[in-house]
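Worksheet: one structure, shown below.
We did not get these values from a lab; they are worked out from the coordinates using the rules stated. Predicted model only: the values in this text are computed from it and were never measured. Please note: Cβ atoms are built from the backbone with ideal geometry, for glycine as well, and neighbour counts cover all protein chains shown.
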Amino acid sequence: MDPKFYTLPPIPWPYVLVNANNPNLAYIRKNWRQIDSVIIDSGVEIFKDPRVKDYPEGWIGRLVELYNAIRPWVKEVWVTVPDYPDDYHPKSLWLDGKTNIERTIDNVIKALDAYPKVNWLIPIQGHNRDPISLLKSIKYLRELGITETREYFAVANLCVESKTELIVKSVGLVRQELPNKKLHVFGIKLNALKKISHLIDSFDSFAWTRPVKKPGHSAKTLEERRKYFYEWLDRLKEVIPKVDGLL
């Protein structure tokens, strides 16, 4: 099975990643005929600012509103439960005696209890650069019965990880624990993708917004976005030739 590549490119694309903080609904409405599936991210990038310790009040409900706004346009929509990453600023989101893992589990419980019919993408969080900690997250989810009742899970602690061996170990451990579930990986690096593509069902990336061939600034014009995107796709094909969604 070829993994699906989710992103938000400057061209029509079958697998779209929507940024919860800045949802581009105009793209959905314009290209809905070409879109097969959408993943709504949790807006986790707000934690890049170390002063931010939590999502805005009522965030889960706002994600569901976005989910309901997209569903009339796209048959398959998944929305990520708001999670707490440990990779931007390690331990900065450990609050009130709970680590980022327990805080993520709390949100999973809240989301599933309040909106049980929503297609939730369940994040599996871990501590920074600690693959074994992902097993703790899975243990909680299993005890709650969520690994039995839910279909789609995501490895959510690797967005800024650069060491391929840590990425491979992390994804391998999760796949071993959840052999029959759909598995997504957020923000995977190309160097690691080659070694874990057979273990996952989908991944996402916005790395294409910067040039592949040489260091440079992020794309500033539509022409640059298209150029960088096609160049990144060429590089992706070299890494793993079979990806669902490639042109």
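Structural remarks
- Antiparallel DSSP beta bridges within the chain, as percent of all bridges there, nearest 5: 5
- Translational D in µm²/s for region 146-247 (Stokes-Einstein at 10 °C, 1.306 mPa s, Kirkwood Rh from C-alpha pairs): 108
- Relative to the compact-globule estimate of 2.2 N^0.38 Å, the Cα radius of gyration of region 23-87 comes out at 1.25.
- Virtual paramagnetic centre 7 Å along Cα→Cβ of E223, amide N under 18 Å, in region 1-31: 10-11
- Note on the chain: helix-only mean residue ellipticity at 222 nm, from DSSP H runs of 4+ residues weighted -39500 (n - 2.57) and normalised by residue number, equals -11000 deg cm²/dmol.
- The shape of region 1-59 comes out prolate: with a ≥ b ≥ c from the C-alpha gyration tensor, a/c is at least 1.5 and a/b beats b/c.
- Based on the convex hull around the alpha carbon atoms, the chain presents an average projected area of 13.0 nm².
- Pairs exceeding 28 Å between alpha-carbon atoms, taken from K53/K182; K91/K237; K53/K242; K117/K189; K110/K220; K136/K189: K53/K182; K91/K237; K53/K242; K117/K189; K110/K220.
- Computed over the chain: relative contact order in percent, which uses C-alpha pairs under 8 Å that are six or more apart: 20
- Of the GluC sites (Glu not before Pro) in region 1-100, the ones in a loop by DSSP (not H, G, I, E or B) with at most 14 other beta carbons within 10 Å are E57.
- Amide H to amide H, with H built 1.01 Å from N, A154 comes under 5 Å of I122, I124, H184, counting only residues 5 or more places away or on other chains.
- Amide H contacts under 5 Å for Y6, placed H, 5+ residues apart: F203, D204, S205
- Kyte-Doolittle mean at least 0.5, axial Cα span of 15 Å or more - DSSP H helices of the chain: 59-70
- Phi-based couplings in Hz for region 203-209 (Karplus 6.51, -1.76, 1.60; Gly and Pro marked x): 8, 9, 6, 10, 5, 5, 6
- Long-range HN-HN contacts of V18 with modeled amide H, under 5 Å: I39, I40, D41
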